[in-house]
Number of protein chains: 2
Amino acid sequence: AKGYKGKNRHIEFNGLEELLYREWARYGAFYKYQPIDLIRKYFGEKIGLYFAWLGLYTEFLIPSSVVGIIVFLYGCITMESDIPSKEMCDQEKAFTMCPLCDKSCDYWNLSTACATARASHLFDNPATVFFSIFMALWATMFLEQWKRLQMRLGYFWDLTGLEEEEEHPRPEYETKVRQKKLKNETNKKDNIDEKLTWRDRMPGYLVNVASILFMITLTFSAVFGVTVYRITTAAALSISKNESTRSNVRVTVTATAVIINLVVILILDEIYGAVAKWLTEMEVPKTEKTFEERLILKAFLLKFVNSYAPIFYVAFFKGRFVGRPGSYVYVFDGYRMEECAPGGCLMELCIQLSIIMLGKQLIQNNLFEIGIPYLKMLFRKLKDERTEKKESDSNHSRHPQQWDLDYMLEPFTGLTPEYMEMIIQFGFVTLFVASFPLAPVFALLNNVIEVRLDAKKFVSELRRPDTVREKDIGIWYNILSGIGKFSVIINAFVISVTSDFIPRLVYQYAYSQNGTMHGFINHTLSYFNVSHLKPGTQPDNSQFEQEVVFCRYKDYREPPWSPNQYEFSKQYWSVLSARLAFVILFQNLVMFLSALVDWMIPDIPKDISEQIKKEKSMLVDFFLKEEHEKLKLIESFIMRDKHRNKGETKGEAIPSQYYRYGAMVVT
Amino acid sequence: AKGYKGKNRHIEFNGLEELLYREWARYGAFYKYQPIDLIRKYFGEKIGLYFAWLGLYTEFLIPSSVVGIIVFLYGCITMESDIPSKEMCDQEKAFTMCPLCDKSCDYWNLSTACATARASHLFDNPATVFFSIFMALWATMFLEQWKRLQMRLGYFWDLTGLEEEEEHPRPEYETKVRQKKLKNETNKKDNIDEKLTWRDRMPGYLVNVASILFMITLTFSAVFGVTVYRITTAAALSISKNESTRSNVRVTVTATAVIINLVVILILDEIYGAVAKWLTEMEVPKTEKTFEERLILKAFLLKFVNSYAPIFYVAFFKGRFVGRPGSYVYVFDGYRMEECAPGGCLMELCIQLSIIMLGKQLIQNNLFEIGIPYLKMLFRKLKDERTEKKESDSNHSRHPQQWDLDYMLEPFTGLTPEYMEMIIQFGFVTLFVASFPLAPVFALLNNVIEVRLDAKKFVSELRRPDTVREKDIGIWYNILSGIGKFSVIINAFVISVTSDFIPRLVYQYAYSQNGTMHGFINHTLSYFNVSHLKPGTQPDNSQFEQEVVFCRYKDYREPPWSPNQYEFSKQYWSVLSARLAFVILFQNLVMFLSALVDWMIPDIPKDISEQIKKEKSMLVDFFLKEEHEKLKLIESFIMRDKHRNKGETKGEAIPSQYYRYGAMVVT
């Protein structure tokens, strides 16, 4: 059994397979267009459509990557001239901030957060607003182009007339129906309806809903758990005696927490895949097609929530329930809710996004996709070797046949995981693009590898799948279009609520003395009278250089000397109004533009629609001609018969109905 | 020519026409379903689809009318218990309001506006929020059901396979192409391309865009003109010496202004119809179909803006640029911008809507549709009579023939006006339904008459139109769906910005001492120190019973004793935030629900899709059988021929290609 070693290399390719391998399934071919027609010929339409879709998506990522890089570079270039971060770094002792935790934390100078503030300008600048509008239109354009490409492929692959075949019920469904029938017979009931009603399905549905709710709760608990970990660890580390530990609290905590998040996501992802399958089997869908659709929907829902819950938390909830100095919000006993870094939550969102996206791509897509099949193969090989040794010492010298080699390969388990991976990535590229303009770049890099990796897997690591004819990518299109729509409102909220874009605008046009951003930092910080700190929460033996009377915190609240001290100030409400107005404006503008793009690009390419029209009329002509010739022939036979049989009383009877063909030809 | 009198009665119906008249085209049949199949048989598919659509729309108006009436009744019943209007009416001398105009107006008690406040509760209550969500879903449901009905009709009328026919260019287009060709030939240019490029079309497009912009500006100027009329007349009337004139200023001005608006709308509507046609001809579209589509789009755009501009003005702009006491906004010289009545702008919006909607329906649809054709006929009859008298005294006694009578009828000018009328009505029913829940009721009443009126017109007053096969209602569907989407955001803004719904909620949950609405009126009124009135704007010889130090006005501004006197107060911004948050919530909720409804109702009814599938397989079977029989026949002929010709060296040559039919049958 030594022939197995380096098996992938030694497979005896047949011609098509070899061509595919050479032209497509290796990294060296990354710059080439995919040979879609060959793929379709070898794997069938369904897999052909997947690779065509993946190719178009990857192609579309190129312009968005370019624009994303330009937006990022714009951030780099304008970083130096950004007045707020400059003010924050320059005016070293201007702002004495309130302590970040009770007792053990001291007052601190805002200028120490100078670096984060500068870094956050990279992602928090006006160009990202433009970029998220661009990406929303990009998503619409991509979907439109896909519709057109699908039409074109459908035409060339002769799928336009493909009807959904008569769908056979799944065996599981038939078993259930038979069981019901038997039960009804024993109960001596008359009504023998041979299908499952909603009464039969009710328990399955209930289990489904309950399980999905439970799973979503589980995801949220995981996110909450990580938050608690972050809060407690931060508190624990900040009372540490070690100076260097204390100074790196934020970095340590953030990094470890994100990694925990990532691990949780990866584990739950696997579990959810299995759960979705189990739940769908519980539902007993009638046909294979509905089974697949429901499985996909459930798996998507669970995996989507799983992948994005921590990101949503950072984007929209973190740092919003902190309370204020003197009246903090506590979880459990004495742990303050966590705040965002002084540069704003956007920076943290960006870190979270990039780590989860990159980690997921690297670990799940590449490591899992290459590693686990390899391990499985190794395991099977070992098992086989052991059994083989016992069995057959006689034909020891026989060279393994091609079918043995092919059987050694992994079985094909469907395209769902491939699509799912890409759809979740599409979510990263569109949903939070306002906070992470480099997402398309990473997606592009991943996909260039992914295409070839998948190709290699399909060509040389999996058993050749049964070819399936399929007209379109089915429910995945709906999911993509749903994500595209959802991304508009999410981006609107990220820009208006998470980033500092709106407060800056409001300051510049409503509060600034001279229309510049000078004084913005001062404007966003409220005053707090340190004597109002609750007893027991003041910093223990403060070593801050000055005597502190007022400390500052980031919020729009009334100062201590106002009659309504520490209430939300008028600025708070006016900024909030501006934020919400921006959401409405952004959402409706982008939706309108998307509708316009959708309306302007016809779903069927013009050449294809003309071609189809032409072919239809040609087909009709051809049929008429063919028919005409046949009838003429029959007519000629009849005429000749008549001629010959003249005088004869009895010939072979020609069914009278055929005379009408002759009549038709004559008229 | 006496036979012409009472012509409509005396028309000799052929059988179908008589049946249609009896079963459909009279008011007595209003409760019956329309005999759609008969209509289609007599008028063709295009007109059949119109009446099917109109029927479905009218049917759908029934539930919405019922819900609308319930919502209205809810307003009536809760009117007594509405605390704010009660407070306004009961506390007679609690609120001294600032004068409504300079000099000639006096201070006044808010309790005098008690009646309007109570009336506005009819339309400004929480039930309207529910109703506008209901109507948004109603619109989606209606469109879905129409898609299904269209499918069903398409199936039964055998339109499913209807391909768009080869479209012939319009003669105007061909003329233009020929002109271009001639010009190119005289200029001795080589390129003879036989179509118009964008260069040839450029002037047409430019004229189009310019004209449409001009027309829209015209509409806005008309609205502005009426506003100016309202402001100046109000000012003029309020300095009148006549007591009764002065007390009825608002009613007089509003009523006359709305009537002027209505007249302007009616006149411009006719003009715009002609302009749209002229502009489309200028564009030289290639085919009849594109001509119709572009005409419809243009006419719709112009008529939509025309019908709704005054309503949009009242809903979103009126009373928002008034300024504040002491710093009013003036137009021209010394005329203050108009304010809404103390009950809020919603009441005025409701009046505006109902008068324009009812007036348009009554005058345009019924008077114009019945009256103008009648006048035209009368005019033609007179002319004909005169010419006839001169011409033919000889055959004076001859009874007019059917073709004479039919020629006497009006020519058919297309369905566009009929659709347009209904689409604009659909706009009234959906766009501002939050402010006028009775709109569906009025629409329903109108349509019950409209169906029969149109029917009568088509059967007995117009020449029988050429039947046109058409698969769907074309661009009208897109316009309907566009209105449905637009209505969501419009209703969101009407509820949040025009009505008092949000301020009430905010007061109840954020400012009220005991969670009730007591004190709401006081909360919405700001204080103004009368000594701050600009010199020359104080009331001349005030006859108000008390000495006035502070007067009140409806706005959220700081009181005179605040350091930032008369600036927008914190309440203003918090209410504004709540309003905008409501818009976001409402819009996204309704859009989500609509998408859900859209997704849950399949586009093709299940029975139809099954039927189609079945028929397709039957058709294939039939063809195969037919083919098989024919081939068998040919084969039998061939066999017989061979048999007979045995020994004969030469028979009639049978083309060899036909042998393969035989082979096909044998295998």
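The values are calculated or read from the model by the stated rules, or taken from the named source; none is laboratory data. Here the structure is a predicted model, which means the values were calculated and not measured. All Cβ positions, even for glycine, are placed from backbone atoms using ideal geometry, and neighbour counts span all protein chains on display.
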- Message: Please verify whether B:LEU445 is without any contact (Cβ under 8 Å) to a residue 40 or more places away in the chain and either assigned to a helix (DSSP H, G or I) or within 17 Å of B:GLY68 (Cα to Cα) (or both), treating the condition exactly as stated.
- Response: yes
- Query: What number of residues within region B:608-633 are farther than 24 Å from A:PHE637 by Cβ, surrounded by 14 or more Cβ atoms within 10 Å (Cβ to Cβ) and facing chain A (nearest Cβ under 10 Å)?
  - Reply: 3
- Out of B:LEU237, B:LEU266, sole residue that is at pLDDT below 90, touching a Ser or Thr at 6+ places or on another chain (Cβ under 8 Å), at negative phi and not polar (S, T, N, Q): B:LEU237
- Message: Looking only at region A:634-644, filter to residues that are more than 12 Å from B:PHE637 (Cα to Cα) and modelled with pLDDT of 75 or more; which one of those is farthest from the other protein chains (Cβ to nearest Cβ)?
- Response: A:LYS642
- Report yes if B:PHE321 is part of a helix (DSSP H, G or I) and of a type in the set (Phe, Trp, Tyr), otherwise no. no
- Among B:LYS93, B:LYS103, B:LYS188, which is the only one that is in contact with a strand residue (DSSP E or B) (Cβ under 9 Å, 6 or more places away or on another chain) and modelled with pLDDT under 85? B:LYS93
- Item | Selection status of B:PRO602, part of a loop (DSSP other than H, G, I, E, B), within 12 Å of another protein chain (Cβ to nearest Cβ) and out of contact with any strand residue (DSSP E or B) (no Cβ under 7 Å at 6 or more places or on another chain) | no
- Message: Could you tell me how many of the residues in region A:470-482 are of a type in the set (A, V, I, L, M, F, W, C) and within 13 Å of another protein chain (Cβ to nearest Cβ)?
- Response: 2
- Single residue of B:GLU281, B:GLU338 found to be at pLDDT 80 or above, among the charged types (D, E, K, R) and touching a Gly at 6+ places or on another chain (Cβ under 8 Å): B:GLU338
- Task: Test A:PHE368 against the stated conditions and say whether it is closer than 21 Å to A:VAL448 by Cβ and among the aromatic types (Phe, Trp, Tyr).
- Result: yes
- Task: Mind listing whichever residues of region B:83-114 are surrounded by 19 or more Cβ atoms within 10 Å (Cβ to Cβ), assigned to a loop (DSSP other than H, G, I, E, B) and acidic (Asp, Glu)?
- Result: B:ASP102
- Message: Just to verify a result, which residue in region A:348-370, among those that are of a type in the set (A, V, I, L, M) and at pLDDT below 80, is nearest to A:GLY75 (Cα to Cα)?
- Response: A:LEU367
- Quick check: is even one residue across region A:579-593 within 10 Å of another protein chain (Cβ to nearest Cβ) and either within 30 Å of A:PRO99 (Cα to Cα) or modelled with pLDDT under 85 (or both)? yes
- Message: Quick check on region A:215-227. Is at least one of its residues out of contact with any Ser or Thr (no Cβ under 7 Å at 6 or more places or on another chain) and within 20 Å of A:ARG170 (Cβ to Cβ)?
- Response: no
- Note on the structure: Exception for A:TYR335 within (1) in contact (Cβ under 8 Å) with a residue 24 or more places away in the chain; (2) hydroxyl-bearing (Ser, Thr, Tyr); (3) farther than 24 Å from A:ARG557 by Cα falls at (3)
- Item | Filtered residue count, region B:73-126, keeping only those that are more than 28 Å from B:GLY515 (Cβ to Cβ) and either in contact (Cβ under 8 Å) with a residue 12 or more places away in the chain or under 30 Å from the mean Cα position of the chain (by Cα) (or both) | 13
- Of everything in region A:553-578 that's buried (at least 17 other Cβ atoms within 10 Å of the Cβ) and part of a loop (DSSP other than H, G, I, E, B), which residue is farthest from the other protein chains (Cβ to nearest Cβ)? A:PRO560
- Condition met for B:ILE490 (out of contact with any Cys (no Cβ under 9 Å at 6 or more places or on another chain), crowded, with 21+ Cβ neighbours inside 10 Å and closer than 22 Å to B:TYR107 by Cβ): no
- Message: Let me confirm something: among A:GLY651, A:GLY647, which residue is at positive phi and either at pLDDT below 80 or outside any helix (DSSP H, G or I) (or both)?
- Response: A:GLY647
- Query: Looking at (1) farther than 20 Å from B:ILE502 by Cβ; (2) among the charged types (D, E, K, R); (3) buried (at least 22 other Cβ atoms within 10 Å of the Cβ), can you tell me which one B:ARG148 breaks?
  - Reply: (3)
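Condition check: in a loop (DSSP other than H, G, I, E, B) and either small (Gly, Ala, Ser) or modelled with pLDDT of 85 or more (or both). Does B:GLY536 satisfy that? It would help to see each step written out before you state the result.
Numbers: in a loop (DSSP other than H, G, I, E, B): yes; either small (Gly, Ala, Ser) or modelled with pLDDT of 85 or more (or both): yes.
In short, yes.
Do you know which residues across region B:26-55 are surrounded by 17 or more Cβ atoms within 10 Å (Cβ to Cβ), of a type in the set (A, V, I, L, M, F, W, C) and at pLDDT 70 or above? Working first, answer last.
Filtering region B:26-55 for residues surrounded by 17 or more Cβ atoms within 10 Å (Cβ to Cβ) gives B:29, B:34-36, B:39-40, B:42-55.
Subsequent filtering for residues that are of a type in the set (A, V, I, L, M, F, W, C) retains B:29, B:36, B:39, B:43, B:47, B:49, B:51-54.
B:ILE36, B:ILE39, B:PHE43, B:ILE47, B:LEU49, B:PHE51, B:ALA52, B:TRP53, B:LEU54 - these are the residues of region B:26-55 that are surrounded by 17 or more Cβ atoms within 10 Å (Cβ to Cβ), of a type in the set (A, V, I, L, M, F, W, C) and at pLDDT 70 or above.
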